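K.L.:
Mind having a look at this structure? Questions to follow.
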Amino acid sequence: MTDTYTQHYRAEALARRTQEVEKWRAQRERQWSVWSKTKGRCWYCGIQCQLRTGSVWHQFCVGHLLLLSLGGSDTLENLIPSCRPCIERRRYDPLETFRSREAARTFPFHGTVRFWGEQQNDASGTTSYPPSF
């Protein structure tokens, strides 16, 4: 009886571990896809992010252009690369609220802020929203 229980327990543990590994691989694949959109540059500020090691303040994060709480999705078109400081400053704010707060913080006399990703879209002649890289 003990051998049957042990085999069953081990089989369940192996199945759980296999699911965890597959989930991790899918997350890593998604992360590389988002990373390749801008070659690791933050969509907001344009700083070069580090994917694995190095400075914590410029660590690569995956963010949502249209937040999930506002009806966004986890599709690749809605995911944007960003650095940790920009993700932490944006929090749960819609893009336009974040833009106006950044304008008041960094450019108090200019009125609006053009994020790095938007400037890249303008240079390529596309004006899609959300931007496609």
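Coordinate-derived values only; no laboratory data. Owing to the predicted nature of the structure, the values given are computational and were not obtained by experimental measurement. Please note: Cβ atoms are built from the backbone with ideal geometry, for glycine as well, and neighbour counts cover all protein chains shown.
K.L.:
Ordered by packing density, taken as the mean number of other Cβ atoms within 10 Å over each peptide's residues, highest first, how do 61-74, 11-24 rank? Don't skip to the end; give the middle numbers.
P.N.:
Values: 61-74: 13.9, 11-24: 10.0.
Descending mean neighbour count gives 61-74, 11-24.
K.L.:
Continuing with this model, one more query. Between ALA11 and ARG101, what is the spin-label point distance in nm, taking each point 7 Å from the Cα along the Cα→C-beta axis?
P.N.:
Reported label-point gap for ALA11 and ARG101 is 5.2 nm.
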